[in-house]
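Asker: If you scroll down you'll find the structure; I have some questions about it.
Computed from the coordinates by the stated procedures, all read-outs in this text should not be read as laboratory data. Keep in mind it's a predicted model, so treat the numbers as computed, not measured. A quick note on method: Cβ atoms are made from the backbone with ideal geometry, for glycine too, and the neighbour counts reach across all protein chains shown.
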Amino acid sequence: MSAESTAGGRKADADWTPAPPEGQGPVLAWYRPSQWNAAKGAVGVMVTTVLGVILLQGFSIAWMGYWQLWLGIFVIAVVFYGSQRHTAVSAGSEWLQHGGKWVRTYELTRVTAHPRIASIRLHLVDQDGRRVRVSNHDLHQDSGVWDLVHKGIVHSVIKEGAETNGLLHQAFNIPRPRPGPDAEPAG
């Protein structure tokens, strides 16, 4: 990722650069949430949790005197912050890495999309059996990452015949392969 990439008006970690998977080409694009964005998300999780508890308690605030509940809310926020800071996505010309897992994007055998509460999660499997699950939110944080991954997915689907599902084609504008001359007519 270039140091100019931003999310939420703040530069993402310009001082952190991921390493490519062993034996693969250089990192061409990457993203990891900045400390500021991860902290904003953690505060959002805390506020949402407190509002949820208030609603569940019928707008009663009697629960606010229990320190154990506040400790639980704080722990949830810290876990969210840590998970965001460890969400790193990087891509090279022929690979995608998310966390400690990676796949070769031009050698995918299966690419499927699955709905989540606020996003869509891609499941990618390459010909060597490596698997990566990554949300569309993480892939779209840096346009360079998405461009590299999208091109690899399109190649794998059109040229290599990777297995797909309908949501992948609909949500990510992935073209469907055309039947070859040997295909049987529908009907």
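Asker: With label points built 7 Å along Cα→Cβ from the Cα atoms of Ile117 and His150, find their separation and express it in nm.
Answerer: Roughly 2.8 nm, to one decimal.
Asker: At 20 °C and a viscosity of 1.002 mPa s, what translational diffusion coefficient does Stokes-Einstein give for region 64-160, taking Rh as the Kirkwood radius over Cα pairs? Give it in µm²/s as a whole number. Walk me through the numbers before you get to the answer.
Answerer: Values: Rh = 14.8 Å.
The diffusion coefficient I find is 145 µm²/s.
Asker: Rounded to whole Hz and in sequence order, give me ³J(HN,Hα) for region 20-27 from the Karplus expression 6.51 cos²θ - 1.76 cosθ + 1.60, θ = phi - 60°, writing x for Gly and Pro.
Answerer: My calculation for region 20-27 gives x, x, 4, x, 9, x, x, 6 Hz in order.
Asker: Order the peptides 142-150, 22-30 from the highest to the lowest mean number of other Cβ atoms within 10 Å of their residues.
Answerer: Descending mean neighbour count gives 142-150, 22-30.
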